[in-house]
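Just below is one structure, and these are the notes that go with it.
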Amino acid sequence: MTKPIIIAIDGYSSCGKSTIARALAKRLNYVFVDTGAMYRGVSLYILRNNIDWQNSSEKEVESILDKITITFEYNAETKNSDTILNDENVEEEIRGKEVSEVVSQISQLRAIRTRMVSLQQKAGLKKGLVMDGRDIGTKVFPKAELKLFMTADPKIRAQRRFNELKSKGKESSIEEIEENLKIRDYNDTHREEHPLKKAIDAIELDNSYLDKDEQLSWVIRLLNEKKLS
Ligand code: DC
């Protein structure tokens, strides 16, 4: 058994980052952290409390963050971990349209990014971690032992998101989803603070035509080649 490592997974929205990150964590018996869920939790709190975040100072945003605790709790039914915002399970709500429409803007705020990055770095102190997001390999863990950058055909990404929402009984249209993904990609790659970009030492995985098991085998092979497992 080699030493536990940090695996950083970055990429565009709806590229299946969390799916492979979760499967990988299960296989390696590692902790999995979905950092998008953290930004979504903060966004939900801001929406629910009608906070005028666009006109809030950095100090004000910091004091809002002081009122927020985000944790993860294992759900035996789904066998995944749910996002808990101040003791309330918000897993369903943070994936909804309202949050999806604002999260890429809210997550641009410097005070929010600073706080989230610091929490994420704490989660990696003991290593043995798979973390997915937009700035994990570039900002949160620039020294991660393995960095993956996921991509997929935009049409396939939109179809996946559509299927995911449909399976949860949520109404949407492919066009609407494509538009939302386009806006989020733009915001995520053009923001000032920690924009999404491929780390120079990240390995790209285009999973347009790969299922979960194929992706998992691909990563495990990579870990073996690099003598990281
Ligand atoms: O992974 P996701 O789609 O659930 O992420 C939601 C949003 O959060 C996404 O539009 C960008 C933002 N995000 C970020 O800025 N940095 C991260 N590390 C993770 C997510």
Rounded to the nearest 10 Å², the 1.4 Å probe accessible area of PHE162 is 50
What FRET efficiency comes out for the pair LEU222/LEU125, r = Cβ-Cβ distance, R0 = 25 Å, nearest 0.05? 0.55
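Name the shape class, rounded, prolate or oblate, that the alpha-carbon gyration tensor gives for segment 110-224, where a ≥ b ≥ c are the square roots of its eigenvalues, rounded holds for a/c under 1.5, and otherwise prolate holds if a/b is larger than b/c and oblate otherwise.
oblate
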Give the shape of segment 20-60 as rounded, prolate or oblate, defined through the alpha-carbon gyration tensor: a ≥ b ≥ c are the square roots of its eigenvalues, a/c under 1.5 means rounded, and otherwise the shape is prolate if a/b is larger than b/c and oblate if not. prolate
Calc'd 3J(HN,Hα), segment 200-206, phi into Karplus 6.51 cos²θ - 1.76 cosθ + 1.60 (θ = phi - 60°), Hz, glycine/Pro = x, comes to 4, 9, 7, 9, 7, 10, 8
Pseudo-spin-label distance ILE183 to GLU88, built 7 Å along Cα→Cβ, given in nm, is 2.4
Compute, for segment 128-195, the length of the dipole vector about the Cα centre, with Cβ point charges of +1 (Lys, Arg) and -1 (Asp, Glu) only. Units Debye, rounded to 20. 220
Roughly how much of GLU101 is accessible, in Å² to the nearest 10, using a 1.4 Å probe? 100
For the chain, size of Cβ-based charge dipole, Lys and Arg +1, Asp and Glu -1, in debye: 960
Residues of segment 1-34 with amide nitrogen under 20 Å from the 7 Å Cα-to-Cβ point of ASP201? 2-11
How much of the accessible area of the chain, in percent, comes from carbon and sulfur atoms when a 1.4 Å probe is used? 50
Given a 1.4 Å probe and heavy atoms of the protein chains only, how would you sort LYS17, LYS197, LYS59, largest accessible area at the top? LYS59, LYS197, LYS17
Between GLN159 and GLU73, how many nm apart are label points set 7 Å from Cα along the C-beta direction? 3.7
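Determine the order of TYR30, TYR209, TYR186 by accessible area, beginning with the largest, at a probe radius of 1.4 Å.
Greatest to least solvent exposure: TYR209, TYR186, TYR30.
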Please name whichever of LEU125, ALA144, PHE162 sits farthest to the positive end of the charge dipole of segment 117-165, dipole taken about the Cα centre and charges placed at Cβ: Lys and Arg +1, Asp and Glu -1. LEU125
Mind pulling the angle between the C-alpha long axis of helix 97-106 and the longest principal axis of the chain? Nearest 10 degrees, somewhere in 0 to 90. 90
What is segment 45-171 by shape, rounded, prolate or oblate, if you read a ≥ b ≥ c off the alpha carbon gyration tensor as root eigenvalues and call it rounded for a/c under 1.5, prolate for a/b larger than b/c, and oblate otherwise? rounded
With a cap of 16 neighbouring Cβ atoms within 10 Å, and only residues DSSP puts in a loop, list the GluC sites (Glu not before Pro) found in segment 164-222. GLU171, GLU192, GLU193
With a 1.4 Å probe and every protein chain left in place, tell me how much accessible area SER81 has, in Å² to the nearest 10. 40
Length gained if ILE174 through TYR209 is fully extended, taking 0.36 nm per residue and subtracting the Cα-Cα distance, is 10.7 nm
Heavy-atom accessible area per residue, the chain, 1.4 Å probe: how many Å²? 54
Just for the Cα atoms in the chain, what are the lengths along the principal axes, largest first, rounded to whole Å? 50, 39, 37
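The values are calculated or read from the model by the stated rules, or taken from the named source; none is laboratory data. Everything quoted here is computed from the prediction, not taken from an experiment. Glycine gets a Cβ as well: all are built from the backbone with ideal geometry, and neighbour counts include every protein chain shown. Areas reflect the complete protein model, heavy atoms only, side chains present, ligands, DNA and RNA absent. Shrake-Rupley method; radii C 1.70, N 1.55, O 1.52, S 1.80 Å.
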